[in-house]
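Read-outs: derived from the displayed coordinates by stated rules, not from any lab. Values in this document were obtained by computation on a predicted structure and should not be read as measured data. Here the Cβ positions follow ideal geometry from the backbone for every residue, glycine too, while neighbour counts run over all protein chains shown.
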């Protein structure tokens, strides 16, 4: 494996994270419950992790602020535009596989 400096790792990780966030913004057809059921995390998890990392760095962000960073718009607006009602099977799968984080 290539030896990377800590700065290179940080920069590459940040670039990969930005690409993931951009991808999720483009794929508004993919619902959070689908992400949770398939991968065990969703956009809200990412926003929570982002907020926790900010707090660890001494930067205070509200839940709404961190969600807007991940969603690219206020969460309420995203929900209104893109969120659909979860189906019975989606809800059942979520309850069966609910992550503990």
Query raised in the report: Using Cα pairs under 8 angstrom and six or more residues apart, how large is the relative contact order of the chain, in percent?
Result: 30 percent
Query - FRET efficiency, 1/(1 + (r/R0)^6) with R0 35 Å, evaluated for residue 92 and residue 5 via beta carbons - result: 0.15
Report summary line: So, with points 7 Å from each Cα along the Cβ direction, the residue 54-residue 20 label distance in nm works out to 1.8 nm
Report task. Report, to the nearest 10°, how far helix 88-97 tilts away from the longest principal axis of the Cα atoms in the chain, using its own Cα long axis and a range of 0 to 90°. Result -> 40 degrees
Report summary line: Under the helix-only model (-39500 (n - 2.57) for each DSSP H run of 4 or more, divided by the residues of the chain), the mean residue ellipticity at 222 nm, to 500 deg cm²/dmol, is -21500 deg cm²/dmol
Query raised in the report: Just one of (i) 16.4; (ii) 14.8; (iii) 15.1 is Kirkwood radius over Cα pairs in Å as worked out from the coordinates here. Which one is it?
Result: (iii)
Requested in this report: Using only Cα atoms, tell me the angle between helix 6-26 and the longest principal axis of the chain; keep it within 0 to 90° and round to the nearest 10.
Outcome: 20 degrees
Requested in this report: Using the number of other C-beta atoms within 10 angstrom as an exposure proxy, rank 82, 71, 50 with the fewest first.
Outcome: 82, 50, 71
